[in-house]
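The values are calculated or read from the model by the stated rules, or taken from the named source; none is laboratory data. Note that the structure is predicted; figures quoted are calculated from it, not measured. Here the Cβ positions follow ideal geometry from the backbone for every residue, glycine too, while neighbour counts run over all protein chains shown.
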Ligand code: LLP
């Protein structure tokens, strides 16, 4: 069920106490509404748990995964709390900088970093590149050489553990395009160690997303630790271990592991291992959570345009669509749909669909709702992989975004106009 930051007061659904009816009236729909308190709470669940268990000489760094929600205001809220950032493009780095956050807390993942992106990252002295192939390693070394600098790197190692999640969002299996194979990683490190413009600082993995159980993550950690030991024996000492993101949230009835429990289990392993083999010399933990920080901190607010019935089904046609929220169309993902104003009338079963000319344009299916045209609906848990995956298909401007901050509502991205959408286009002379 939805988080407590979006809950009913009387019959009205509120965002941290502010009625969504009032927010919709001021900013119109479709509209993304985020809760600053929810973002803060979710980040602190990680940060506080790490503070409790980490070695004082090796404080953990939580690197929020920018791809899950890249609004500048969201980044700034997290940056001000001390968050670092996991990025996968030069564009995401530009966002971190534009938000006024510290690029030296940025780690750069992704299989296809271009020369331009690598240069941009080096100019901004990012914390670490998560290198995903030998070819990329050579490119980073060359560019760092041209710039007369050194690049800090970790290899993203593919530990080949099954994260038991949706195949589209599982990334740590042998057959995935991500990272270097576990068996090849040792040689990759030896190659890197001999390069003049590379400084090896860590090891990284990310095995998948929306994981409910932490067992696969702990297994990945164990596999990486064996590699760290082999490297140490070879004279290659690592300063950090990055276990990736991946912890899931409750969209429907899922029961994901609690963050403090996961962190406690992770540190129990880290501490024991470092005591046993390294005379308690610490290693820094990095994490790259996205969804578990931003996911339940946002909703998509939409207005019912028409109710419609055919031989098979009832439809509620709303003003949000697959271009605003692609997850249902792409993964058949479940998002809970709540009426913003609870009605007394009898419920019927609806498919919630958008106005786009595709049968795949649905947001929810077979939901029991008491609604009529003009009512507002809240599509829950739309803070992660929602606005960031929005498109302009059907020349639909992307939705506006607001953040509720202690009773105040701030517009943090204005709605796109049709003119915005064709501003870069020209007709032939
Ligand atoms: N680090 C790396 C290298 C990643 O590829 C990802 C997500 C993360 C961190 C953050 O993972 P999280 O903590 O959010 O699970 N669009 C899909 C999710 C794709 C996730 C891709 N990688 C969805 O809507 O479910």
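Name the single residue that is farthest from the ligand (Cβ to nearest atom) among those in segment 258-268 being over 20 Å from the mean Cα position of the chain (by Cα) and surrounded by 18 or more Cβ atoms within 10 Å (Cβ to Cβ).
267
Would segment 386-405 turn up any residue that is in a loop (DSSP other than H, G, I, E, B), farther than 17 Å from residue 305 by Cα and free of Cβ contacts under 8 Å to residues at least 60 places away in the same chain?
There is at least one residue in segment 386-405 that is in a loop (DSSP other than H, G, I, E, B), farther than 17 Å from residue 305 by Cα and free of Cβ contacts under 8 Å to residues at least 60 places away in the same chain.
If you check 204, 229, 214, which single one turns out to be modelled with pLDDT of 95 or more and either out of contact with any strand residue (DSSP E or B) (no Cβ under 9 Å at 6 or more places or on another chain) or surrounded by fewer than 17 Cβ atoms within 10 Å (Cβ to Cβ) (or both)?
229
Here is a list of conditions, (1) in contact (Cβ under 8 Å) with a residue 40 or more places away in the chain; (2) more than 16 Å from the ligand (Cβ to nearest atom); (3) assigned to a strand (DSSP E or B), and residue 285 meets all of them except one; can you say which number that is?
Every listed condition holds for residue 285 apart from (2).
All but one of (1) at pLDDT below 95; (2) under 20 Å from residue 287 (Cα atoms); (3) not in a loop (DSSP other than H, G, I, E, B) hold for residue 168; which doesn't?
(2) is the only condition that residue 168 fails.
Which residue, of 317, 409, is at pLDDT 95 or above, touching a helix residue (DSSP H, G or I) at 6+ places or on another chain (Cβ under 8 Å) and in a strand (DSSP E or B)?
After ruling out the rest, the residue left standing is 409.
Does at least one position in segment 10-32 carry a residue that is over 11 Å from residue 340 (Cα atoms), crowded, with 20+ Cβ neighbours inside 10 Å, within 19 Å of the chain's Cα centre (by Cα) and at pLDDT 95 or above?
Among the residues of segment 10-32, at least one is over 11 Å from residue 340 (Cα atoms), crowded, with 20+ Cβ neighbours inside 10 Å, within 19 Å of the chain's Cα centre (by Cα) and at pLDDT 95 or above, which makes the answer yes.
Results for (1) within 16 Å of the ligand (Cβ to nearest atom); (2) within 19 Å of the chain's Cα centre (by Cα); (3) loosely packed, with under 15 Cβ neighbours inside 10 Å, shown as yes or no for each residue.
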residue: 106; (1), (2), (3): yes, yes, no
residue: 114; (1), (2), (3): no, no, yes
residue: 120; (1), (2), (3): no, no, no
residue: 123; (1), (2), (3): no, no, yes
residue: 135; (1), (2), (3): no, no, yes
residue: 140; (1), (2), (3): no, no, no
residue: 146; (1), (2), (3): no, no, yes
residue: 154; (1), (2), (3): yes, no, no
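For the list (1) part of a strand (DSSP E or B); (2) farther than 24 Å from residue 42 by Cβ; (3) touching a helix residue (DSSP H, G or I) at 6+ places or on another chain (Cβ under 6 Å), I need the number of the one condition that residue 356 fails.
With (1) part of a strand (DSSP E or B); (2) farther than 24 Å from residue 42 by Cβ; (3) touching a helix residue (DSSP H, G or I) at 6+ places or on another chain (Cβ under 6 Å) applied to residue 356, the lone miss is (1).
When residue 299 is evaluated against the numbered criteria (1) more than 14 Å from the ligand (Cβ to nearest atom); (2) within 20 Å of the chain's Cα centre (by Cα); (3) within 30 Å of residue 27 (Cβ to Cβ); (4) in a loop (DSSP other than H, G, I, E, B), which criterion, by number, is the only one it fails?
(4)
So which of 293, 249 is outside any helix (DSSP H, G or I), modelled with pLDDT of 95 or more and under 30 Å from residue 376 (Cβ atoms)?
On inspection, the qualifying residue turns out to be 249.
Return the residues of segment 200-220 that are within 12 Å of the ligand (Cβ to nearest atom), outside any loop (DSSP other than H, G, I, E, B) and farther than 22 Å from residue 333 by Cβ; say none if nothing qualifies.
Within segment 200-220, 204 is the sole residue that qualifies.
Can you confirm whether residue 63 is more than 12 Å from the ligand (Cβ to nearest atom), within 30 Å of residue 187 (Cα to Cα) and surrounded by 19 or more Cβ atoms within 10 Å (Cβ to Cβ)?
No: the conditions fail for residue 63.
Sort out which residues of segment 228-257 are within 20 Å of the chain's Cα centre (by Cα) and either without any contact (Cβ under 8 Å) to a residue 24 or more places away in the chain or closer than 18 Å to residue 153 by Cα (or both), and write them in order of number.
Those that are within 20 Å of the chain's Cα centre (by Cα) and either without any contact (Cβ under 8 Å) to a residue 24 or more places away in the chain or closer than 18 Å to residue 153 by Cα (or both): 241, 242, 243, 244.
Just to verify a result, which residue in segment 415-425, among those that are out of contact with any helix residue (DSSP H, G or I) (no Cβ under 9 Å at 6 or more places or on another chain) and in a loop (DSSP other than H, G, I, E, B), is nearest to the ligand (Cβ to nearest atom)?
Restricting to residues being out of contact with any helix residue (DSSP H, G or I) (no Cβ under 9 Å at 6 or more places or on another chain) and in a loop (DSSP other than H, G, I, E, B), the top hit is 416.
Of all residues in segment 322-379, count the ones that are exposed (fewer than 14 other Cβ atoms within 10 Å of the Cβ), free of Cβ contacts under 8 Å to residues at least 40 places away in the same chain, away from the ligand (no atom under 16 Å from the Cβ) and over 19 Å from residue 19 (Cβ atoms).
Of the residues in that region, 8 qualify.
Any chance you could count how many residues in segment 52-73 are in a loop (DSSP other than H, G, I, E, B) and within 19 Å of residue 35 (Cβ to Cβ)?
Of the residues in segment 52-73, 3 are in a loop (DSSP other than H, G, I, E, B) and within 19 Å of residue 35 (Cβ to Cβ).
Do the conditions hold for residue 295, that is, is it touching a strand residue (DSSP E or B) at 6+ places or on another chain (Cβ under 8 Å) and in contact (Cβ under 8 Å) with a residue 12 or more places away in the chain?
So residue 295 does not fit the description; no.
Does residue 377 satisfy being touching a helix residue (DSSP H, G or I) at 6+ places or on another chain (Cβ under 6 Å) and not in a loop (DSSP other than H, G, I, E, B)?
no
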